[in-house]
Structures are given as C-alpha cells and as structure tokens.
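Everything below concerns the one structure shown next.
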Amino acid sequence: SWYVGTRPLNFCPHSRASIDTKFILHTHQEPGEFTDTYLVANKDVIDATTFDPSKPIKIITHGFIDTGNIGWLKTFARSMLRYGDYNVIRVDWGGGSLPLYGQATANTRVVGLEVAYLVNFFVDNYGVDPANVHILGHSLGSHVSGYAGERIPGLGRITGLDPAGPYFTATPAFMRLDHTDAVFVDCIHTDAKTILLLGYGSEQPMGNLDFYPNAGYNQPGCSPVTIGIQFIISIPGGVRDLVACSHDRSIDLFIDSVDQVCPFVGHECVDYDTFENGRCAECKDDNSRCALMGIRAQEYEHKDRVNVQMYFDTDKKTPFCYYHYQVVVDLAHPKKAPDEVKGHLDVWMYGDN
C-alpha cells in the first residue's frame, strides 16, 4: 500500500540506531542561557531536567539535510520562549535526513514513531494532556509530525511549515500529514509548486487551515529555483539558502507571527487571483472566512472545517506582514451617461503610521 504512482520508489527506513533521533529541551528555568539539555524517555533522566509537565509542550523538527543544530531551529526555539512559558523541544534526526532524498522520506516514519513514543511517555508517566502538545515541522519534518500525530490520541495541534511535496503530494492520507493527525492542523505553503516546476513544498491542502502567502510560491525577494531538491545536499550552505529561499520562508513567517509585529490575516478564497481581484475581502460576521496565520492560527473557531485555503500578501523582508486594505468606489450611472468616461481619482489614507 506504500507504492503509489507519486512514490514509485519506496525505501526501507534506516534503523533507529543509524538515525539516532535526539530530543533537546529548552525552558525558562534552564540553568544557562539557551542550554542544550538532552531528553530520553526515562523518568530518572527527565526528572533531572527542567521539564515541567504542567506547562504546554512545543516540539520542533527540521527537514531534509538539516540537523537539530541548524541555526533557524535554535532561533525558532528562542522565539517560542519569548512568546510563552513552554517546554520547547528541538528534534535532531540529522542521522536520517542527510542521505538521498528518497531514503530521507522513508526515515521520517521512524522519527515520527520516536516523537510519538516520547509524547506518549509524558502522557503515561507525567499526566501530560496531549491537547497541550503542539508539534511543528518544516518540509519533511511536517510529515514526521503527521506520523507522530496519528499515534498520539488527542494531540492538540500540528503546524506544517511548507510540507514537503516530492513523494508526498497526492498520496493517501496515511502516507503524509493530513488534518486527522491532530485536533487542529494548520499549514503554511510557501514553495507550493509541482516537482516538475522544481517546487520543494506541496500545493495540496493538508490541514484544517492551509495558508498560501503570495499564492504559495515564488516568495518576494527569492530567486526562482533552478535545481531539484535532490541536489541541494551537494551545494554550500549559502547557496542552499538561496535556492531554498521560498521553501524556508514559511519558517520566517511563523517566527514573525510569534514576534507579533502585525497580524497575518488570511482570507478564504478559491485561488490567489480571485483574492487579488478583491473578491474575498469579507470575513463574514462569524469570522469563518478569515484566520490568523502562525502562532495564533488555533484561535480560528471553526475547527470542524478542513482544507480551508487562505490567501494574503507579504513583504520581501522582515517584518513580512502587510495590512490589507480594500477601497470600493461606487459611481453613479445615469441612463444617459456614456459607458466609459476618463478621469483621475485620488485616494488618501490616514493612520497611526
């Protein structure tokens, strides 16, 4: 059942020992500034750390060719600690993310099981409420989160940061992240092109809410991708940042949402062109057609809905958020008026900034 047209090659995962998944804890109570404390599913080990089962848990996992020590993952963890008093856990599965892409996709299944085992250990031994656990993953890490979520009953939330597309798009739900993997699943698609167009992310809606900033691909300030995902592994880090710019923008947008410079408001629409034509500006009285992207996405009250596609625009650099304004002008049209007239219209906008 794992062999489908969109995944013609299906590798066997590497062993647990080879992947060597590690969990790194950060809390407000850690002994030094951003000290790495390693966790394992063992009470003696956990009891010797600053882990607090009464506080919410944020678990963050990287994707292809990254490791748990990649700079963005540490920045992400720090931003979470600025936002709230959490147990923040970085997942390091660098031993399984560095092989060929096809092999790395298979290894995500093992890493997902490792994450699920740790969370269920917290639930069984510390009384942790799984509703207070939020797993976030970038690229392949999104699907790690999905594999974990389907094995954690009552998991509160999963956030997919540009879920990987190759080998996952158009596969059955059990092979990828989908909205049934947690009580609430939100995704941010920033490189959502098909693999034929060298997109690293997936255009397929996979959550309750799916956000597509700037149409979900070719992010402002990013150069078009000209090499396939398999070849990123062989290029220097700086060049990798360049070619994966749109793919990584989902990380930047989420971090900006944590810092709350201004809200990222997504508008439900059938597609980006319709949104740009101003036909999806209304949020409705119950706010069902608008939602906040990022850390506050779970404030959306209509969580029974699935695959809701939300659109908005951003800037090309941080702070990325824009305020969207729609100006509607109704003109009189007397019966004897010509169908077309020429004129000049000035619009002045006033605000605090």
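The values are calculated or read from the model by the stated rules, or taken from the named source; none is laboratory data. Please read these numbers as outputs of a predicted model, since none were measured by experiment. Reconstructed Cβ throughout: ideal geometry from the backbone, glycine too, with neighbour counts over all protein chains shown.
Select from region 31-51 the residues that are assigned to a loop (DSSP other than H, G, I, E, B), more than 16 Å from S79 (Cβ to Cβ) and out of contact with any strand residue (DSSP E or B) (no Cβ under 6 Å at 6 or more places or on another chain) and list them in ascending order.
Answer for region 31-51, where residues must be assigned to a loop (DSSP other than H, G, I, E, B), more than 16 Å from S79 (Cβ to Cβ) and out of contact with any strand residue (DSSP E or B) (no Cβ under 6 Å at 6 or more places or on another chain): P31, G32, T35, V40, A41, N42, A48, T50.
Looking only at residues in region 56-66 that are at pLDDT 95 or above and either of a type outside the set (D, E, K, R) or more than 28 Å from Y126 (Cβ to Cβ) (or both), which one is farthest from the chain's Cα centre (by Cα)?
Among them, the one singled out is P56.
When residues of region 301-313 are filtered for being under 29 Å from G351 (Cα atoms) and either surrounded by fewer than 10 Cβ atoms within 10 Å (Cβ to Cβ) or within 16 Å of the chain's Cα centre (by Cα) (or both), how many remain?
3
Taking the conditions exactly as written (assigned to a loop (DSSP other than H, G, I, E, B) and either of a type in the set (A, V, I, L, M) or at pLDDT below 85 (or both)), does M310 satisfy them or not?
Answer is no for this residue.
List the number of the failed condition for I233; all other conditions in (1) at pLDDT 95 or above; (2) of a type outside the set (F, W, Y); (3) outside any loop (DSSP other than H, G, I, E, B) hold.
That leaves (1) as the condition not met.
Given I65, I60, I70, which one is of a type outside the set (S, T, N, Q) and without any contact (Cβ under 8 Å) to a residue 24 or more places away in the chain?
Result: I70 is the single residue among I65, I60, I70 that is of a type outside the set (S, T, N, Q) and without any contact (Cβ under 8 Å) to a residue 24 or more places away in the chain.
Kindly evaluate S79 against the criterion of being under 20 Å from I251 (Cβ atoms) and either at pLDDT 95 or above or in contact with a Leu (Cβ under 7 Å, 6 or more places away or on another chain) (or both).
So S79 passes the test.
Any idea which of I152, I158, I135 is over 18 Å from I188 (Cα atoms), of a type outside the set (D, E) and outside any helix (DSSP H, G or I)?
Just one listed residue meets the conditions, I152.
Tell me which residues, restricted to region 267-299, are within 14 Å of I188 (Cβ to Cβ) and part of a loop (DSSP other than H, G, I, E, B).
Result: M293, G294, I295, R296.
Out of region 12-30, which residues are in a loop (DSSP other than H, G, I, E, B), polar (S, T, N, Q) and out of contact with any Phe, Trp or Tyr (no Cβ under 6 Å at 6 or more places or on another chain)?
Within region 12-30, S15, T27, Q29 meet the criteria.
Tell me, which residue of region 203-230 that is among the hydroxyl-bearing types (S, T, Y) and part of a loop (DSSP other than H, G, I, E, B) is modelled with the lowest pLDDT?
Selected residue: T226.
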